[in-house]
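Please read the structure below before turning to the comments.
What follows is calculated from the coordinates using simple rules that are stated; it is not laboratory data. Note that the structure is predicted; figures quoted are calculated from it, not measured. Glycine also receives a Cβ, built like all others from the backbone with ideal geometry; neighbour counts cover every protein chain displayed.
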Amino acid sequence: MHRYRASWLLPIIGPPLKDGWVDVDNGLIVSVGCADQKVPGSGKPLNHRDGLKQIDLGSVAVMPGLVNAHTHLELSALAGEVPAASAMPHWVEDLLARRIELKPDGDASIREAIKQLRQSGTVLVGDVSNTLASFKPLVESQLAAVVFREIIGFRSADAVKLVEQACRELMTLVTNNRVRTSLAAHAPYSVSSKVCEMIRSTVDRWPGAPRSIHLAESVEEVDFLQTGSGPWKDLLIRLGAWDSEWTPPGCSPTDFLRGVGWLDNRAIVVHGVQLKSEDLCTLGEAGVTLVTCPRSNEWTGAGQSPVASFYEAGVRVAIGTDSLASTADLNLFTELAAVRRLAPDVAGRTILESATRQGARALGFGDDYGSIEPGKRADLIAVHLPDIVEDVEEYLLSGIQPQQVLWIRDQQ
């Protein structure tokens with residue numbers, strides 16, 4: 001058993017502990033405390049225990065490994081290849097063209113991206129994939145993950161074939177308790193209602209598995225659901241994917257989710273840039289998790305994410321970076337700084353919870369990661385602190401760089 005001591009320990013489920021410590025045995029957290037705590041009834045310091053190997057980490061903040069709840073690792077080879085756009089349909093069309101032009105690099109870019117995630121303190125990812133190319137590198141890495149096989153298909157007649165094919169692909173994979181799989185729908189403008197309904201009915205038979213969808217990312221998506229026209233229709237036609245029998249539902253993105261039975265606590269919706277206050281309240285009441293990726297939203301032309309409104313509405317908020325095609329790095333601490341900029345009045349601890357506990361719970365790993373509690377995995381990070389830190393939670397939202405991060409189990 002090891003005891004790791006630090007100037008600050010952030011359990012996430014409570015306030016930071018000054019001069020905190022965490023006891024770890026066989027990779028699991030055994031107990032947590034701080035220098036001022038006493039053994040009940042004895043007056044002796046709670047931090048006294050014989051037979052421990054004590055490791056003083058010094059001036060650091062120990063916290064749970066971060067949860068990047070939305071990535072596209074298979075797009076890592078497109079880093080720096082797709083320029084920023086003023087409107088999201090333009091960015092997507094450019095992405096598709098660049099992806100076709102790009103020479104395959106095997107999985108080298110994916111493995112480099114995974115390395116970047118680990119170095120910046122990430123323990124768990126929700127990775128969305130059309131090819132499942134990220135699965136093997138993730139299994140061979142130190143990360144935990146849910147790999148979502150994403151389905152794109154606008155024609156209702158193709159729904160059964162698409163979902164069955166995706167399930168067959170997942171059945172060929174050898175999963176474990178650390179890297180799991182599920183299904184995702186791409187977005188309401190690229191996936192038919194029937195496909196979404198089939199994904200829901202399929203995933204709901206898998207114990208604890210989440211399902212994911214990009215939702216209300218662009219104004220063009222909102223208009224498409226209302227009128228059935230606009231840039232998304234034009235793109236579907238150019239791609240040969242348009243369904244001439246489709247009629248617009250004339251509803252909001254949240255009402256679209258309601259119609260396909262996705263309004264529950266298994267649903268992960270990503271982006272939500274265009275969601276109205278009433279939509280957010282509906283998601284909050286249903287227990288849906290909303291993953292915000294503000295840097296990506298601004299790059300793709302989707303707009304500025306109304307992060308403060310997400311928290312005000314009581315929605316469960318998690319945080320993701322999206323892909324290297326739309327953001328400069330996969331450092332979730334940089335994303336935290338963007339969230340703080342957009343939500344200056346939200347408590348620092350609440351934002352840190354989004355990057356840890358909320359993401360872990362949404363991905364089905366809440367019993368393992370996301371907080372420092374007895375029984376959970378001791379995949380904890382230590383962030384180097386300057387000599388004087390007035391508010392450690394706020395400091396962790398300031399844009400921590402990978403060179404400031406270490407994994408405490410590497411310090412034995």
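Please turn the phi angles of region 230-245 into ³J(HN,Hα) values with the Karplus equation 6.51 cos²θ - 1.76 cosθ + 1.60 (θ = phi - 60°), one per residue in order, whole Hz, x for glycine and proline.
Once rounded to whole Hz, the list reads x, x, 5, 4, 4, 5, 4, 5, 5, 7, x, 10, 6, 10, 5, 8.
Where does helix 108-119 land angle-wise versus the long Cα axis of the chain, in degrees 0 to 90, nearest 10?
The answer is roughly 40 degrees.
Tell me which label goes with the value of Cα extents along the principal axes in Å computed from the coordinates here: (i) 76, 43, 39; (ii) 106, 52, 32; (iii) 106, 50, 35.
Matching entry in (i) 76, 43, 39; (ii) 106, 52, 32; (iii) 106, 50, 35: (i).
Taking the Cβ of residue 320 as the centre, find all other residues whose Cβ is under 11 Å away and add up their charges (Lys, Arg: +1; Asp, Glu: -1).
Overall, the nearby charge balance is -2.
Given a cut-off of under 8 Å on Cα pairs at least six residues apart, what relative contact order in percent is computed for the chain?
21 percent
Using modelled amide H (1.01 Å from N, peptide plane; none on Pro or chain starts), what sits under 5 Å from the amide H of residue 62, excluding residues fewer than 5 places away?
Counting only residues 5 or more places away or on other chains, the set is 8, 9, 10, 383.
In percent, how large is the relative contact order of region 311-353, given Cα pairs closer than 8 Å and 6 or more residues apart?
Answer for region 311-353 is 28 percent.
May I ask for the distance between the Cα centers of region 159-177 and region 337-394, given as a whole number of Å?
Taking the Cα centre of region 337-394 as reference, the centre of region 159-177 is 33 Å away.
Which one of 309, 122, 331 is farthest out on the positive end of the charge dipole of the chain, using unit charges on Cβ (Lys, Arg +1; Asp, Glu -1) and the Cα centre as origin?
122
Kindly rank 57-68, 106-117 from highest to lowest mean number of other beta carbons found within 10 Å of each residue.
Highest to lowest by the protection proxy: 57-68, 106-117.
Step through the table entries 53/136; 115/376; 103/376; 103/161; 115/233, compare each Cα-Cα distance with 31 Å, and write down the pairs that go over it.
53/136; 103/376; 115/233
How about region 321-404: which chymotrypsin sites (Phe, Trp or Tyr not before Pro) there are in a DSSP loop, with at most 15 other Cβ atoms within 10 Å of their Cβ?
Nothing satisfies the criteria.
How large is ³J(HN,Hα), in whole Hz, for each residue of region 272-280 in order, when computed from phi with the Karplus curve 6.51 cos²θ - 1.76 cosθ + 1.60 and θ = phi - 60°, using x for Gly and Pro?
With coefficients 6.51, -1.76 and 1.60, one gets x, 4, 9, 6, 7, 4, 5, 5, 5 Hz.
Scan around residue 28 for amide H atoms under 5 Å from its own, H built in the peptide plane at 1.01 Å from N, and keep only partners 5 or more places away or cross-chain.
Excluding prolines and chain starts, which carry no amide H, the hits are 378.
Can you list the residues, at least 5 places off or on another chain, whose amide H is less than 5 Å from the amide H of residue 180, using H built in the peptide plane?
Correct list: 145, 146, 147.
Between residue 99 and residue 18, what FRET efficiency follows from the Cβ-Cβ distance if R0 is 41 Å, with the result rounded to 0.05?
Efficiency, rounded to the nearest 0.05: 0.25.
Karplus couplings for region 93-102 from phi (6.51 cos²θ - 1.76 cosθ + 1.60, θ = phi - 60°), rounded to Hz, Gly and Pro as x?
Taking θ as phi minus 60°, the curve returns 5, 5, 4, 4, 5, 5, 5, 5, 6, 5 Hz for region 93-102.
Take every DSSP beta bridge whose two residues both sit in the chain, then give the antiparallel share in percent to the nearest 5.
35 percent
Over all directions, how big on average is the projection of the convex hull of the alpha-carbon atoms in region 47-116, in square nanometres?
Result: a mean projected hull area of 8.9 nm².
Residue 25 to residue 394: FRET efficiency via 1/(1 + (r/R0)^6), r the Cβ-Cβ distance, R0 22 Å, to the nearest 0.05?
It comes out at approximately 0.10.
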